[in-house]
Amino acid sequence: MCELLKQQGITDDAVLKAMGAVRRHWFLDSALDALAYEDRALKIGADQTISRPSTVAMQSQLLCVESGMKVLEIGTGSGYQAAVLSKMGAKVFSIERQKELFDHTRPLLAELGCRVRCFLGDGYQGLTEVDQAPFDRIIVTCGAREMPEALMAQLKVGGIMVIPIGGDDTQEMLRFTKTGEGRGEWEKEEFGRYSFVPMLDGRQMH
């Protein structure tokens with residue numbers, strides 16, 4: 001899988017090592033073991049999916065994570081992306097709105113020894129339950145229709161947010177580097193079209 005990732009433009013050694021160490025089948029139903037290492041999204045429950053390995057690797061590379069950084073993830077999902085970031089040495093805080101996924105993934109990540117603190121909440125609002133902001137990095141693993149201002153407010157100046165923004169079917173992968181505390185004080189870069197499940201507001205308790 002890592003050789004394929006190299007062919008797809010993944011050059012960050014830390015990302016490649018983490019992708020090689022974190023086994024994707026850990027985060028899937030055993031019935032999908034035969035498909036676990038194909039570069040395709042797979043269903044995980046609650047009408048959600050686990051992202052393609054190439055997408056997880058690309059978002060991780062764009063994030064430019066260094067060991068010890070505080071990273072806020074929006075959309076815990078299966079826990080695969082969070083586990084990769086944890087393996088890279090990040091202190092990961094992850095928000096999931098679907099209780100079904102939260103109840104499954106939180107103990108799984110703990111069992112795997114991942115340094116991830118999981119929260120059930122509204123990703124559009126960021127992490128408001130504990131005083132951890134500002135974050136060095138923010139990663140959004142679902143498709144937003146627009147920039148969530150609350151998330152940008154929780155990113156430190158000089159920090160990076162990687163987020164897909166667009167419609168329900170396809171989005172543009174964007175990287176924002178925050179340059180100041182005022183509204184609109186960021187630099188934006190574009191990295192091609194992707195397809196994510198939509199980012200929804202609110203918290204699903206059932």
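The values are calculated or read from the model by the stated rules, or taken from the named source; none is laboratory data. For clarity, every value in this text was computed on a predicted model and none was experimentally measured. A quick note on method: Cβ atoms are made from the backbone with ideal geometry, for glycine too, and the neighbour counts reach across all protein chains shown.
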Strands (runs of 3 or more DSSP E) lying entirely in segment 60-131 (those with 2 or more residues that are of a type in the set (Val, Ile, Thr) and modelled with pLDDT of 95 or more): 70-74, 91-96
All positions within segment 13-43 that are of a type outside the set (A, V, I, L, M) and either in a helix (DSSP H, G or I) or crowded, with 18+ Cβ neighbours inside 10 Å (or both): 13, 17, 20, 24, 25, 26, 27, 30, 33
When residues of segment 1-12 are limited to those that are modelled with pLDDT of 90 or more and charged (D, E, K, R), the one surrounded by the fewest Cβ atoms within 10 Å (Cβ to Cβ): 6
Condition check for residue 137: part of a helix (DSSP H, G or I) and of a type in the set (Lys, Arg): no
Members of segment 116-146 that are within 28 Å of residue 170 (Cβ to Cβ) and of a type in the set (Lys, Arg): 137, 145
Subset of segment 1-43 [in contact with a His (Cβ under 8 Å, 6 or more places away or on another chain) and not aromatic (Phe, Trp, Tyr)]: 32, 33, 36
Test: residue in segment 184-195 that is within 14 Å of the chain's Cα centre (by Cα), of a type in the set (Lys, Arg) and part of a strand (DSSP E or B): no
Flag for residue 3 being in a loop (DSSP other than H, G, I, E, B), without any contact (Cβ under 8 Å) to a residue 40 or more places away in the chain and either farther than 29 Å from residue 121 by Cβ or touching a Pro at 6+ places or on another chain (Cβ under 8 Å) (or both): no
Matching residues, segment 118-173, being touching a helix residue (DSSP H, G or I) at 6+ places or on another chain (Cβ under 6 Å) and farther than 21 Å from residue 187 by Cβ: 118, 120, 125, 141
Test: residue 157 is more than 18 Å from residue 77 (Cβ to Cβ), surrounded by fewer than 20 Cβ atoms within 10 Å (Cβ to Cβ) and modelled with pLDDT of 95 or more: yes
